[in-house]
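Step one of this worksheet: look at the structure below.
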Amino acid sequence: MGLDLYKLNHLIAVAEEGSFTRAATRLHLSQQALSTSVRTLEREVGVPLLERSATGVTVLPAGQALIADARLLHGIADSAVRRARRIGRGEAERLRIGHTPAVTGDEVTALLREHQTDPELIIDVNQRYPDELTAQLLGGQLDLGLARALTPAHGLIGTTLIRQRLTIAVAAAHPLADRAEVRLNDLEGEEITVWGHPGRSGYTDLLVNLCRDAGFEPRVHRNPIQGTPPVTAVLDTHGVAFVTASPGPAAGGAVQVKELQPPVHVPLQALWPQHSTSDARQAFLAAVQGF
């Protein structure tokens, strides 16, 4: 059978709104037309997708699986249309890259300068929070995502591009600022700034587990100012932060970045949607890792 993308859109709207009434309003359809569309889809698939009750709509496991694939299908379709238009119009290719706050813009720029193979290629780089990054990769708005310790969602492929050495950032007045190097167990009792919530961020959990492996339970504090360069997280604080910046002064001398011993390396990973085509992405991955 061939899946109707319009019917899939109707299913997604009902699931997101939790109500046929609200979904019909959003889609500018009558409630009866929307209900008929979803029931037709259920008959075509051959199993119930939604459970309807007086209090609302519950998405059944089969519906959740179909919705996850439907979002991927829409992203592939949109990417295919954009690619065909670009080729037909003779336009230059564009590589759209998103990166999480754990990966700095400077790191992305350095990676592109080292491995960009086409000087005529147009590259758009924007920071995205992990959930937004995943949604835009699946939706076809991004060609490539750069992150750290992010588990690829259904429909995405992930690989480690490089591994970078961790360093420690502290304010210039911090007692550790005069050290030539910092050991992991020196951080016991320190407040460690992180960017994601423990248990909800793979990268935060990776950093927390580093401390546990060193023999102590870290005191973590989530940075309230998201999206700023990682080294600035320790300004006006008494804490420390794991970063990947080179050792030395930073933030105009207000921060000192210290070498961490023993050496610890963290992944810089690439994510992209399955079954989508991007010549520029493939060339970039090939240049970095020999794909």
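Observations on the structure shown:
- For the condition buried (at least 18 other Cβ atoms within 10 Å of the Cβ) and touching a His at 6+ places or on another chain (Cβ under 8 Å), Leu34 qualifies.
- Of the set (1) buried (at least 20 other Cβ atoms within 10 Å of the Cβ); (2) not in a helix (DSSP H, G or I), all apply to Thr204 but (2).
- For first residues located in region 211-230 and in the same structural domain as Ile192 (by TED's automatic domain parsing) and part of a loop (DSSP other than H, G, I, E, B), partners that are hydrophobic (A, V, I, L, M, F, W, C) and surrounded by 10 or more Cβ atoms within 10 Å (Cβ to Cβ) and lie 6+ apart or on another chain with Cβ distances below 6 Å form the pairs Ala214/Leu184; Pro218/Ile192; Pro218/Val208; Pro218/Cys211; Asn223/Trp195; Asn223/Ala233.
- Cβ pairs under 9 Å, 6+ apart, first in region 82-97 and closer than 23 Å to Gly145 by Cα and touching a residue at least 24 places away in the same chain (Cβ under 8 Å), second surrounded by 14 or more Cβ atoms within 10 Å (Cβ to Cβ) and of a type in the set (Phe, Trp, Tyr): Leu95/Phe284; Ile97/Phe284
- With respect to (1) in contact (Cβ under 8 Å) with a residue 60 or more places away in the chain; (2) touching a strand residue (DSSP E or B) at 6+ places or on another chain (Cβ under 7 Å), the lone exception for His275 is condition (2).
- Scope region 243-291; condition basic (Lys, Arg) and modelled with pLDDT of 95 or more; matching residues: Lys258
- Any hit, region 114-126, residues being assigned to a helix (DSSP H, G or I), surrounded by 14 or more Cβ atoms within 10 Å (Cβ to Cβ) and in contact (Cβ under 8 Å) with a residue 40 or more places away in the chain: yes
- Residue, farthest from the chain's Cα centre (by Cα), within region 151-182, restricted to residues that are basic (Lys, Arg) and surrounded by fewer than 14 Cβ atoms within 10 Å (Cβ to Cβ): Arg165
- The one condition in (1) hydroxyl-bearing (Ser, Thr, Tyr); (2) under 11 Å from the mean Cα position of the chain (by Cα); (3) closer than 30 Å to Gly189 by Cβ that Thr104 fails to fulfil: (2)
- Exclusive hit being assigned to a helix (DSSP H, G or I) and either not assigned by TED's automatic domain parsing to the domain that holds Thr134 or not β-branched (Val, Ile, Thr) (or both), set Arg85, Arg52, Arg96: Arg85
- Residue in region 217-235 that is touching a Leu at 6+ places or on another chain (Cβ under 8 Å) and closer than 18 Å to Gly105 by Cβ present: no
- Lone unmet requirement of (1) farther than 22 Å from Thr277 by Cα; (2) modelled with pLDDT under 85; (3) of a type in the set (Asp, Glu) for Glu120: (1)
- Among the residues making up region 191-201, those that are in a loop (DSSP other than H, G, I, E, B) and buried (at least 21 other Cβ atoms within 10 Å of the Cβ) are Trp195, Gly196, Ser201.
- Search result, residues across region 9-34 that are touching a strand residue (DSSP E or B) at 6+ places or on another chain (Cβ under 9 Å), farther than 21 Å from Leu72 by Cα and assigned to a helix (DSSP H, G or I): Phe20
- Residues located in region 184-199, provided they are closer than 26 Å to Asp106 by Cβ and either at pLDDT below 90 or of a type in the set (Phe, Trp, Tyr) (or both): Trp195, Gly196, His197
The values are calculated or read from the model by the stated rules, or taken from the named source; none is laboratory data. Nothing here was measured: the structure is a model prediction, and the numbers come from that model. Positions of Cβ are backbone-derived with ideal geometry, glycine not excepted, and every protein chain shown enters the neighbour counts.
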